[in-house]
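Please read the structure below before turning to the comments.
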């Protein structure tokens with residue numbers, strides 16, 4: 001820009017036919033502008049004149065030709081870079097000097113790249129993968145076994161016990177019967193197929209049965225009420241000469257008094273208390 005009227009705001013010299021610069025809309029000749037306002041290059045320590053390109057980063061300034069990696073001296077103009085203690089480095093030199101290494105591939109984790117951290121170890125995001133399916137785990141839940149990481153579906157597929165009934169993985173809960181794992185919902189009576197979890201049951205030929213089905217299977221029926229006799233909860237029945245009774249059904253066939261813990265007599269197929277038995281004998 002030229003003018004035959006304008007003068008330098010500092011030295012008052014006319015700017016006619018000369019280049020000048022504006023600072024807050026005030027004109028300055030180039031020597032005055034450089035003296036008053038130009039920045040100093042952090043590399044060569046020389047003034048960055050107003051007709052030179054001024055590159056800046058965090059309050060520091062460089063000539064375009066001086067903006068280089070402090071280690072390998074390659075130009076950083078329009079290239080990614082990183083700073084450490086006010087020293088500017090290209091990303092490769094920064095990685096070699098300061099970046100952590102991926103625990104999996106042993107290569108540098110470049111500045112600005114995504115990484116994963118686990119138990120004090122760092123990984124490239126693409127290196128922190130499921131040991132089985134090799135898919136990146138990312139932020140999904142995972143399980144570690146023998147220092148190897150598995151996504152939940154693969155861990156369940158590879159390591160979870162499988163239900164003896166349905167052969168699917170048991171991921172939580174479950175019960176054990178004859179050293180075999182079962183889902184709670186799959187542990188059923190062999191006879192009527194009702195769920196046995198939380199219920200009393202009996203094993204026959206390595207198969208589980210509910211009380212009712214086992215009683216039917218065993219063929220034991222009360223001689224008094226003819227209903228099945230079960231064996232749960234201790235001695236709940238009385239046996240005599242190939243015959244069985246529920247405790248509540250073991251009564252005198254004549255006066256209906258309980259015979260539990262009492263002496264009794266038999267007359268033909270009937271059991272009698274001592275009194276009724278004596279009367280029967282006298283009648284005979």
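The values are calculated or read from the model by the stated rules, or taken from the named source; none is laboratory data. Predicted model, so just to flag it, every value in this text is computed and none were measured. Every residue, glycine among them, receives a Cβ derived from its backbone with ideal geometry; neighbour counts consider all protein chains shown.
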**Report entry** Qualifying positions in the range 35-48 - in contact with a helix residue (DSSP H, G or I) (Cβ under 7 Å, 6 or more places away or on another chain) and either in a strand (DSSP E or B) or surrounded by 14 or more Cβ atoms within 10 Å (Cβ to Cβ) (or both)
**Finding:** 41, 43, 47
Report summary line: If we keep only residues of the range 74-98 that are modelled with pLDDT under 85 and assigned to a loop (DSSP other than H, G, I, E, B), then the residue farthest from residue 40 (Cα to Cα) is 85
Query raised in the report: Is it the case that residue 131 is more than 30 Å from residue 82 (Cβ to Cβ) and surrounded by 12 or more Cβ atoms within 10 Å (Cβ to Cβ)?
Result: yes
Query raised in the report: Looking at the range 60-73, which of the residues that are in a loop (DSSP other than H, G, I, E, B) and more than 45 Å from the chain's Cα centre (by Cα) is nearest to residue 21 (Cα to Cα)?
Result: 67
Report summary line: Of the residues in the range 99-112, those that are loosely packed, with under 13 Cβ neighbours inside 10 Å and either at pLDDT below 85 or under 30 Å from residue 47 (Cα atoms) (or both) come to 106, 107, 112
Query raised in the report: Only one of 126, 171, 190 is assigned to a loop (DSSP other than H, G, I, E, B) and closer than 30 Å to residue 83 by Cα; which?
Result: 126
Query raised in the report: Taking into account only those residues within the range 49-59 that are at negative phi and exposed (fewer than 14 other Cβ atoms within 10 Å of the Cβ), which is nearest to the chain's Cα centre (by Cα)?
Result: 56
